[in-house]
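Beneath this line is the structure, given in structure tokens, with notes to follow.
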Amino acid sequence: MSNLPNMTAADEVKHFVEQCAELAKAPCNAESAPKFRALQAEEVKLRKKLDETRKAEKEPHLEAGRAVDAKYQPLIGQVQDAVKAVTLALTKFLEAEEAKARAEAEAKRKAAEEEERKARELAAAAEAEEDPFDAFDKTEASRAAEAEAASLSRQAAAPVKATVTNLGGGKAGGLRTVGWIVEVEDPSALVAHYADRMEMLELAKKLCAAEAKATKGQCKVPGVKIVADRRAA
């Protein structure tokens with residue numbers, strides 16, 4: 001590591017990089033190998049020095065950040081905890097309102113089916129009616145039942161969404177999907193479904209590497225070949 005006066009960290013790194021680049025051009029043999037090893041050792045020292053300097057320069061900023069966090073995080077936590085019971089109660093209310101609306105929609109759907117049945121019966125009766133006046137009345141009644149059935153069907157098909165107004169005049173609230181809860185029923189099937197995804201492959205490789213490290217490469221994992229990563233150190 002260079003001890004030249006007035007050298008900045010960037011200067012030291014630049015000097016070291018140049019040394020490595022120059023030496024890497026030369027063949028590594030019994031005579032030059034100690035020089036290669038010396039640069040390896042210097043890299044450890046320089047990296048440690050740079051990391052210590054980084055930590056020293058960063059610490060005042062971290063301390064200031066920790067002080068700000070210590071001041072506001074508890075307050076934020078209190079606010080979040082306080083509203084949990086309110087959110088739970090409002091969620092239950094809105095769920096009940098939506099359940100009521102779904103029940104009403106189902107009742108309208110059934111009523112629409114009944115009106116459609118009546119319309120068909122009246123239409124058939126009108127066709128069989130000999131008296132033209134009675135036939136006209138039954139035809140009109142059939143059309144009215146059809147119109148009522150259509151109206152009820154539209155109402156039944158309307159989206160079910162309960163909302164509650166905001167006393168403060170802000171945006172009305174309602175149930176909103178904030179995420180999805182995955183309940184695993186068959187772990188093997190789940191993993192197999194994502195087996196060809198690169199993210200899953202990388203995660204599996206990390207797990208295998210960790211197991212190989214813990215067992216000094218003696219673990220038996222299907223589908224892989226474990227090879228020691230040997231380097232000059």
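The values are calculated or read from the model by the stated rules, or taken from the named source; none is laboratory data. Computed from a predicted model, the values in this text were never measured in an experiment. Only protein heavy atoms, including side chains, enter the accessible area calculation; ligands, DNA and RNA are left aside. Shrake-Rupley method; radii C 1.70, N 1.55, O 1.52, S 1.80 Å.
Checking the Cα-Cα distances for K25/K48; K25/K49; K71/K171; K138/K161 against a 32 Å cut-off, the pairs over it are K138/K161.
What is the range 38-105 by shape, rounded, prolate or oblate, if you read a ≥ b ≥ c off the alpha carbon gyration tensor as root eigenvalues and call it rounded for a/c under 1.5, prolate for a/b larger than b/c, and oblate otherwise? Taking the square roots of the gyration eigenvalues as a ≥ b ≥ c, the range 38-105 is oblate. On C-alpha positions alone, give me the angle between the axis of helix 132-157 and the longest principal axis of the chain, in degrees, nearest 10. The angle comes out near 20 degrees.
With the whole protein complex present, L152 retains an accessible surface near 20 Å², based on a 1.4 Å probe.
Based on DSSP H segments of at least four residues, each scored -39500 (n - 2.57), the chain has a per-residue ellipticity at 222 nm of -25500 deg cm²/dmol.
Round to the nearest 10 and give me the degree value, 0 to 90, for the angle of helix 9-24's Cα axis relative to the longest principal axis of the chain. The two axes meet at around 70 degrees. Between A82, A162, A189, the residue with the greatest mean-square fluctuation in the GNM of the chain (Cα pairs under 10 Å linked by springs) is A189. Ranking L94, L167, L203, L50 from most to least accessible surface, computed with a 1.4 Å probe over the protein chains only, gives L167, L203, L50, L94. Counting pairwise Cα distances across the range 30-153, what percent come out greater than 26 angstrom? Counting every Cα pair in the range 30-153, those more than 26 Å apart make up 69 percent.
Rounded to the nearest angstrom and listed largest first, the equivalent-ellipsoid semi-axes of the range 75-233 from its Cα gyration tensor are 64, 29, 11. The angle between the Cα long axis of helix 33-128 and the main principal axis of the chain comes to about 10°, on a 0 to 90 degree scale.
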